[in-house]
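Novice: Right, I'll just put the structure down here and ask away after.
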Amino acid sequence: MNVLDYLFILIYILSFLYLGRLFKGSSSGKEYFLGGNSFGWFPLSLSTAATQLSAISFISAPAFVGLKQGGGMMWLTYEFAVPVAMLFLMVYLIPPMFNMGIISVYEYLEKRYSTSTRILLSIVFQISRSFATSVMIYTVALILTAVMDIPMWITIILIGAVTLVYSYQGGMKAVVYGDVIQMIILFIGIIICFIAGLYYIGGWSEFVSLVDPDRLTVIDFGKHGLTDGEQFGFWPMLIGGFFLYASYYGTDQSQVQRLFSAKDLPTVQKALLCNGLMRFPITLTYCLMGLIIGTLVVTTPSFREMIPADKPDLMMPIFIREYLPHGVIGILMVAIFSAAMSSLSSTINSLSAATVEDIFNRKRQLSQETYLKYSKYAALFWGLVCIILAFFTGDIAATVIEAINKIGSVFYGPIFATFIAAIGIKRTHYIGANAGLLAGVLMNVYLWLFCPQVFWFWWNAIGAVVTLAVSYFVSIVIKVNQQDTGDIGFAHNIDKEKGIILATFALIIIIFSYYLPSFF
């Protein structure tokens, strides 16, 4: 990198520090955490997409597709369940919670079950989300270290400090509008790498003639994910993926908080519809980018020698460093900063919201001044926690994007099942819900430690089934006098038009993916 590259990065950092100051005037906790419910569906959709289109997607997913042994375009199977999950959230999970006007998604569980259930779920979220975010920070630090030739500890602190300052000051408004900017920058970065990769490989025709045909296969109906080597089969990705995405978008505070920031319920529905339609085209773009650059690696011995065999995630940063001109390198570094800061800012805001709402202000006893002070202290605390944890993560899976999803899959299914029971199974009570949650998480930990042959995508479904079964069984065996919670359960008219669009799109992307190899 040279002075021009560093100039781009400096301008970007200063711009986002200014963004935090621009939105620093929050007058209440609701404005700090929900932006005063002022957001339309478009900025919310781009903000959510920006968190998903993270540095992990930009770096680690292309490495899986193009270089990792056993990888390939099967990564697209991650997207099969997304439209179905969005439809489920639109109809079943989000409306009753949105209509309650809550900030923390876990407040719903206190109204339905008990304070203990709310606190338990919130703590599980806080631990799992901070740990997963630390893995993301580690990844970006690894990338920037490879390209900028500076120590990793400096990159970790730089990413964390800048994000912490602007999210601490500006709250949800800074997070959402920052995400919109970051989404645009990152997608431009993907297109630049896509075009540059094609240029160096000799064009599309040359790429098609050189690409490894084994990496083109997306769908494999023969893999069931229950024995060694059977990963990324159709059924585990579709079924496990449904539980993962419905839980992530519907019960993870970092995502649901955006939906709670919407103007009204129709805005929420449009945002969910947009997310259900946006993800696959974006994922397809960066997967093709990874396939192109991976083919360049395989066919260029000098390039291949630069990438350690055990670190495929370095494919993209080394490509940026060795093949792109100065100035463009700076833009790509800005894109990576954008992705990392988007994910981290969302995490900081949501973790602080969960901490203040679920621990300190459950009974609405704090004044607005005290609430805002606690909110900013919590944001500072969680920002520092994520930065510190980043120094100790990074070796959970072959690629970092798998590591993050692996961590999430331990918790997502059980958490999702707890909300399903709360909304749809009136007979369950707080003792059953708490026991079911713990049983589901412990089952997934057991599978991780002692059943490595079970593909981790299945953990989402298995953990959910165990949680529901134990919750219901314990609720029947142990009798508890429950207070009348009123009508806080499922009650919503189905938007048939949006439902048909999402269901049809899910079918289209599966058919497209099945025939994808024939397009080459």
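Novice: What pairs can you find where one residue is in region 431-460 and at negative phi, the other is assigned to a helix (DSSP H, G or I) and basic (Lys, Arg), and their Cβ atoms are less than 9 Å apart, with a gap of 6+ or different chains?
Specialist: Pairs found: ALA433/ARG112; TRP448/LYS406; TRP456/LYS406; TRP459/LYS406.
Novice: Pick from GLY197, GLY202, GLY189: which is within 21 Å of ALA50 (Cα to Cα) and either within 20 Å of the chain's Cα centre (by Cα) or not aromatic (Phe, Trp, Tyr) (or both)?
Specialist: One residue alone meets the criteria, GLY189.
Novice: List pairs: first in region 310-323 and in contact (Cβ under 8 Å) with a residue 24 or more places away in the chain, second charged (D, E, K, R), Cβ under 6 Å, 6+ apart or cross-chain?
Specialist: Filtered contacts from region 310-323: PRO312/LYS68.
Novice: If you take the residues of region 426-440 that are in contact with a Ser or Thr (Cβ under 8 Å, 6 or more places away or on another chain) and of a type in the set (A, V, I, L, M), which of them is farthest from PHE243 (Cα to Cα)?
Specialist: ILE431
Novice: Considering SER352, SER375, SER343, which residue is under 19 Å from GLN253 (Cα atoms) and either at pLDDT 85 or above or of a type in the set (D, E, K, R) (or both)?
Specialist: Values: SER375 fails: either at pLDDT 85 or above or of a type in the set (D, E, K, R) (or both); SER343 fails: either at pLDDT 85 or above or of a type in the set (D, E, K, R) (or both).
Going through SER352, SER375, SER343 in turn, just one is under 19 Å from GLN253 (Cα atoms) and either at pLDDT 85 or above or of a type in the set (D, E, K, R) (or both): SER352.
Novice: Here are the criteria: (1) touching a Phe, Trp or Tyr at 6+ places or on another chain (Cβ under 9 Å); (2) without any contact (Cβ under 8 Å) to a residue 40 or more places away in the chain; (3) of a type in the set (S, T, N, Q). Tell me which single one SER247 does not satisfy.
Specialist: Failed condition: (2).
For every residue, the table says whether it meets (1) basic (Lys, Arg); (2) under 30 Å from PRO213 (Cα atoms); (3) modelled with pLDDT of 95 or more.
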{"residue": "LEU468", "(1), (2), (3)": "no, no, yes"}
{"residue": "LYS479", "(1), (2), (3)": "yes, no, no"}
{"residue": "PHE490", "(1), (2), (3)": "no, no, no"}
{"residue": "LEU502", "(1), (2), (3)": "no, no, no"}
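This table checks each residue for (1) over 21 Å from the mean Cα position of the chain (by Cα); (2) of a type in the set (A, V, I, L, M).
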residue: LEU87; (1), (2): no, yes
residue: MET90; (1), (2): no, yes
residue: VAL105; (1), (2): no, yes
residue: LEU109; (1), (2): yes, yes
residue: ARG112; (1), (2): yes, no
residue: ILE119; (1), (2): yes, yes
residue: GLN126; (1), (2): no, no
residue: SER130; (1), (2): no, no
residue: VAL140; (1), (2): no, yes
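Novice: Here are the criteria: (1) crowded, with 20+ Cβ neighbours inside 10 Å; (2) outside any helix (DSSP H, G or I). Tell me which single one GLY197 does not satisfy.
Specialist: (2)
Novice: Which number in (1) farther than 30 Å from SER247 by Cβ; (2) outside any helix (DSSP H, G or I); (3) touching a Phe, Trp or Tyr at 6+ places or on another chain (Cβ under 7 Å) marks the one condition that ILE219 misses?
Specialist: Against the list (1) farther than 30 Å from SER247 by Cβ; (2) outside any helix (DSSP H, G or I); (3) touching a Phe, Trp or Tyr at 6+ places or on another chain (Cβ under 7 Å), ILE219 comes up short only on (1).
Novice: Going through region 48-62 one residue at a time, which ones are farther than 14 Å from ARG258 by Cα, part of a helix (DSSP H, G or I) and at pLDDT below 90?
Specialist: Going residue by residue through region 48-62, those that are farther than 14 Å from ARG258 by Cα are 53-62.
If we keep only those that are part of a helix (DSSP H, G or I) as well, we get 55-62.
Within region 48-62, ALA55, ILE56, SER57, PHE58, ILE59, SER60, ALA61 meet the criteria.
Novice: Among the residues of region 293-340, write down those that are farther than 25 Å from ILE181 by Cβ, surrounded by fewer than 24 Cβ atoms within 10 Å (Cβ to Cβ), among the β-branched types (Val, Ile, Thr) and under 26 Å from the mean Cα position of the chain (by Cα).
Specialist: Scanning region 293-340 gives a single hit, ILE318.
Novice: Could you please give the count of residues in region 98-126 that are under 12 Å from GLN253 (Cα atoms) and aliphatic (A, V, I, L, M)?
Specialist: 6
Novice: For VAL162, are the conditions met, namely being part of a helix (DSSP H, G or I), touching a Phe, Trp or Tyr at 6+ places or on another chain (Cβ under 7 Å) and not polar (S, T, N, Q)?
Specialist: Details: part of a helix (DSSP H, G or I): yes; touching a Phe, Trp or Tyr at 6+ places or on another chain (Cβ under 7 Å): yes; not polar (S, T, N, Q): yes.
In short, yes.
Novice: Next up: In this structure, does PHE519 turn out to be at pLDDT below 90, surrounded by fewer than 16 Cβ atoms within 10 Å (Cβ to Cβ), of a type outside the set (D, E, K, R) and in contact with a helix residue (DSSP H, G or I) (Cβ under 6 Å, 6 or more places away or on another chain)?
Specialist: On the way: at pLDDT below 90: yes; surrounded by fewer than 16 Cβ atoms within 10 Å (Cβ to Cβ): yes; of a type outside the set (D, E, K, R): yes; in contact with a helix residue (DSSP H, G or I) (Cβ under 6 Å, 6 or more places away or on another chain): no.
So PHE519 does not fit the description; no.
Novice: Suppose we filter region 180-194 for residues that are surrounded by 19 or more Cβ atoms within 10 Å (Cβ to Cβ), within 19 Å of CYS287 (Cβ to Cβ) and of a type in the set (Val, Ile, Thr); how many remain?
Specialist: Residues that pass the stated criteria total 1.
Novice: Could you list, in sequence order, all residues of region 444-467 that are farther than 18 Å from GLY241 by Cα and either of a type in the set (A, V, I, L, M, F, W, C) or buried (at least 17 other Cβ atoms within 10 Å of the Cβ) (or both)?
Specialist: Scanning region 444-467 gives VAL445, LEU449, PHE450, CYS451.
Novice: With the condition kept exactly as written, say whether any residue in region 107-130 is outside any helix (DSSP H, G or I) and farther than 26 Å from ALA421 by Cα.
Specialist: The answer is no; no qualifying residue exists.
Novice: Count, please, the residues in region 69-85 that happen to be more than 16 Å from the chain's Cα centre (by Cα), in a loop (DSSP other than H, G, I, E, B) and modelled with pLDDT of 85 or more.
Specialist: Total satisfying the criteria: 2.
Novice: Could you figure out which of (1) modelled with pLDDT under 90; (2) in a helix (DSSP H, G or I) isn't true of ALA464?
Specialist: (1)
Novice: Separate question: So LEU438 fits all but one of (1) aliphatic (A, V, I, L, M); (2) modelled with pLDDT of 80 or more; (3) surrounded by 22 or more Cβ atoms within 10 Å (Cβ to Cβ); what number is the exception?
Specialist: With respect to (1) aliphatic (A, V, I, L, M); (2) modelled with pLDDT of 80 or more; (3) surrounded by 22 or more Cβ atoms within 10 Å (Cβ to Cβ), LEU438 is out only on (3).
Novice: If you scan region 349-361, which residues turn out to be under 19 Å from LEU120 (Cα atoms) and either free of Cβ contacts under 8 Å to residues at least 12 places away in the same chain or buried (at least 18 other Cβ atoms within 10 Å of the Cβ) (or both)?
Specialist: Of everything in region 349-361, those that are under 19 Å from LEU120 (Cα atoms) and either free of Cβ contacts under 8 Å to residues at least 12 places away in the same chain or buried (at least 18 other Cβ atoms within 10 Å of the Cβ) (or both) turn out to be SER350, LEU351, SER352, ALA353, ALA354, THR355, VAL356, GLU357, ASP358, ASN361.
Novice: Let me ask something else about it. Would you please list the contacts, defined by Cβ atoms under 7 Å and residues six or more apart or on different chains, that run from a residue in region 75-92 that is of a type in the set (Gly, Ala, Ser) to a residue that is part of a helix (DSSP H, G or I)?
Specialist: Every condition considered, the pairs that remain are ALA81/LEU238; ALA81/GLY241; ALA81/PHE242; ALA81/TYR245; ALA85/PHE242; ALA85/TYR245; ALA85/ALA246; ALA85/TYR249.
The values are calculated or read from the model by the stated rules, or taken from the named source; none is laboratory data. Values in this document were obtained by computation on a predicted structure and should not be read as measured data. Note that each Cβ is placed from the backbone with ideal geometry, even for glycine, and that neighbours are counted across all protein chains shown.
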